[in-house]
Each structure stands twice: as C-alpha cells, then as structure tokens.
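Q: Submitted below is the structure of interest, expressed as structure tokens.
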Amino acid sequence: SKSDSQIAASLRFADNYFLKLKGLMFDQSMQQGSALFFDNTRCIHTCFMNFAIDTIFVDKNMKVQRTFENMKPWRLSPLVWRASSVIELPAGTLKASKVDIGDELYVGD
C-alpha cells in the first residue's frame, strides 16, 4: 500500500459564506504547509488572487477525483461532478506530495 505522507500541516476551513466568498482573494501569498478547505464545492476560480495555487478535488469520502497544479490567477476550474469539496494548497505542493487520483485523504490530527 502507499505510504502515508502529510500534504499540509495546517488546514483552515472556509465554512461560512464570507470565508467561502473571500477564499484567498487579495492575500499576498499562501504559507507552505497550509491548506484551505471548501466543502460543498465542485468548481473554483482564482479571480482577484495574487499567486498560483494547487487544488485537490475530493468526493464525500475524501477520495481524490481530480487535481490541478499551478492554477494561475484569473482562471476557472472545470466543474468536477464527482467532487464534493476542494482543497487549495500553495503551488508546488502536489508535485512534492505525489497525490494521485483515487488516493484517500485524511483530515485530522
């Protein structure tokens, strides 16, 4: 089986309307080792962002459905029908962590 590896040491939840609306817009950067989790989300945009991000689209069981590396500002992701949530990460995280479609992620301590 695949070994366990940590993708992010700190995870913030965008768990209300305002946090979902703002996301990473207008932030100057995203700290390495951090992640932002959007529940009930199948599509994201990077409008008003100042940096590129990596994204992981997961289903309700936290199984990876699709990933996008180095999504630049002012882009729109495709709608990922099988996804139920999206995790946004600093650009370069996916290459370093080798996350694959079908991997199961765990959120906890």
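Q: State which stretch of the chain is the longest one without any exposed trypsin sites (Lys or Arg not before Pro), exposure meaning a DSSP loop state and at most 13 other Cβ atoms within 10 Å.
A: Working: sites that count: 2, 60, 82, 98.
Segment 3-59 is the longest.
Q: Where does the longest stretch of the chain lie that holds no chymotrypsin sites (Phe, Trp or Tyr not before Pro) found in a DSSP loop with 16 or fewer other Cβ atoms within 10 Å?
A: Segment 1-25 is the longest.
Q: Also, quick follow-up: Would you compute, from DSSP H runs of 4+ residues alone, the mean residue ellipticity of the chain at 222 nm, taking -39500 (n - 2.57) per run and dividing by the full residue count, rounded to the nearest 500? Don't skip to the end; give the middle numbers.
A: Values: 2 runs with 11 residues, N = 109.
Using -39500 (n - 2.57) per qualifying helix, the result is -2000 deg cm²/dmol.
Q: Using the Karplus curve 6.51 cos²θ - 1.76 cosθ + 1.60 with θ = phi - 60°, work out ³J(HN,Hα) for each residue of region 50-62 in order, rounded to whole Hz, and write x for Gly and Pro.
A: Ordered by residue, 3J(HN,Hα) equals 10, 7, 7, 9, 9, 9, 10, 9, 10, 8, 5, 9, 6 Hz.
Q: Setting aside same-chain residues fewer than 8 positions from residue 63, which lysines have a Cα under 23 Å from its Cα?
A: 2, 20, 95, 98
Q: Using 7 Å Cα-to-Cβ label points, what is the residue 95/residue 75 separation (nm, one decimal)?
A: 1.3 nm
Q: On to the next question. Residue separation times 0.36 nm, minus the C-alpha to C-alpha distance between residue 52 and residue 106: what's the value?
A: Length difference between fully extended and current span is 17.0 nm.
Q: With an 8 Å cut-off on Cα pairs and a minimum separation of 6 or more residues, tell me the relative contact order of the chain in percent.
A: 29 percent
Q: Using +1 at the Cβ of each Lys and Arg and -1 at the Cβ of each Asp and Glu in the chain, identify which of 76, 31, 107 lies farthest towards the dipole's positive end.
A: The one lying farthest along the dipole's positive direction is 76.
Q: Under 18 Å from a point placed 7 Å out from the Cα of residue 32 along the Cα-to-Cβ direction: which residues of region 76-107 have their backbone N that close?
A: Only 89-99 pass the distance filter.
Where a number appears in this text, it was derived from the coordinates with a stated rule and is not lab data. Everything numeric in this text was worked out from a predicted model, so none of it was measured. Note: ideal-geometry Cβ built from the backbone for every residue, glycine included; neighbour counts use all protein chains shown.
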